[in-house]
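A.B. asks: Starting off with a structure, shown below.
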Amino acid sequence: MKLYSAPGFTSLADHIAMLEAGIQFDLVKVDLETKQIEGGGHYPEINPTGYVPALMFDDGEVLTENVAILTWIADRTPELAPHGHLGRYRLLEMLSFIATEIHKRFPTYLSLPEDVRDPTGQQLLHWFGFLAVRLDRGYLFGETFTVADAYLFQLAWGAAQLGFPLPEPLGDYIARIEKRPAVQAALLREGLA
């Protein structure tokens, strides 16, 4: 199995979740500017959208998009998913929210000239604040780390590096998750630590 990833991009969430789950895989780095794969190859032949992540199974099937890959990981590792009769659907709800309200705003924010970024930046801060109030027991779904936390961590960690004034307790949340062995290993493997 191969996880196609670009250092510092949201594929880091999938990398972290796969390490947390103990899933064996090879990490394949992608240069998103040139669309070249480390070791050779043209990434759009793997994922025609050119986006990371992409998870290639041993049989050649490819799964793309954070929501799909993180759900696949949670389905194989129930301790990385919320519990209860609606647990899987609450996870899909949260992953979809993070993908549409936070993740998809970052490319817009970063592509805008600095003097007109403020409205998009305020939207990002609003939605980070919306999720911050859910962290009163430590993680998005209470006291247990889930694949959704890997996704939120990556986005909040990246926002903090860009200088966003994230609402508390996101600062503590980032620091706590960053200490997890799987997170340390992923950051090291991606050259970010």
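The values are calculated or read from the model by the stated rules, or taken from the named source; none is laboratory data. From a predicted model like this one, the values you see are computed outputs, not experimental measurements. Here the Cβ is made from the backbone with ideal geometry for all residues, glycine too, and neighbour counts use every protein chain on show. SASA here: full protein model, heavy atoms, side chains in, ligands and nucleic acids out. Shrake-Rupley method; radii C 1.70, N 1.55, O 1.52, S 1.80 Å.
A.B. asks: Compute the convex hull volume of the Cα atoms of the chain, divide it by the residue count, and report the result per residue in Å³ as a whole number. Before the final figure, lay out the partial values.
C.D. replies: Details: hull volume 22.8 nm³, N = 193.
Taking only Cα atoms, the chain has a hull volume of 118 Å³ per residue.
A.B. asks: Mind grabbing the accessible area of Lys35 for me, 1.4 Å probe, Å², rounded to tens?
C.D. replies: Counting only protein heavy atoms, the figure is 60 Å².
A.B. asks: Separate question: Report the accessible area of Thr10, computed with a 1.4 Å probe over the heavy atoms of all protein chains in place, in Å² rounded to the nearest 10.
C.D. replies: We get 10 Å² for Thr10.
A.B. asks: Ok, one more. How do Met56, Met94 stack up against each other in accessible area, from largest to smallest, with a 1.4 angstrom probe?
C.D. replies: Solvent-accessible surface, decreasing: Met56, Met94.
A.B. asks: Same structure again: Using a probe of 1.4 angstrom, how much of the accessible area of the chain is carbon and sulfur, in percent?
C.D. replies: Exposed carbon and sulfur together represent 53 percent of the surface.
A.B. asks: A further question on this structure: With an 8 Å Cα cut-off and a minimum separation of 6 or more residues, compute the relative contact order for the chain in percent.
C.D. replies: 24
A.B. asks: What list of ³J(HN,Hα) values in whole Hz, one per residue of segment 151-158 in order, does the Karplus curve 6.51 cos²θ - 1.76 cosθ + 1.60 (θ = phi - 60°) give from phi, with Gly and Pro shown as x?
C.D. replies: 5, 5, 4, 4, 5, 5, 4, x
A.B. asks: R0 = 22 Å: FRET efficiency of Glu114 with Phe164, Cβ-based, nearest 0.05?
C.D. replies: The formula returns an efficiency of 0.95 here.
A.B. asks: Spin-label point model (7 Å from Cα, Cβ direction): what's the Glu178 to His126 distance in nm?
C.D. replies: 2.8
A.B. asks: Moving on. May I ask you to work out the translational diffusion coefficient for segment 117-160 at 10 °C, viscosity 1.306 mPa s, via Stokes-Einstein with Rh from the Kirkwood sum over Cα pairs, reported in whole µm²/s?
C.D. replies: Stokes-Einstein gives a translational diffusion coefficient of 143 µm²/s.
A.B. asks: Taking the Kirkwood radius as the inverse of the mean 1/r across Cα pairs, report the Rg/Rh of segment 48-145.
C.D. replies: A ratio of 1.04.
A.B. asks: Now a separate question. Excluding ligands, DNA and RNA, what is the solvent-accessible area per residue of the chain at a probe of 1.4 Å, expressed in Å²?
C.D. replies: 49
A.B. asks: With all protein chains present and a 1.4 Å probe, how do Val133, Val67, Val147 order by accessible area, largest first?
C.D. replies: Result of the area sort, largest leading: Val133, Val67, Val147.
A.B. asks: Ranked from the most accessible area to the least, with a 1.4 Å probe and all protein chains present, what is the order of Trp157, Trp72?
C.D. replies: Trp72, Trp157
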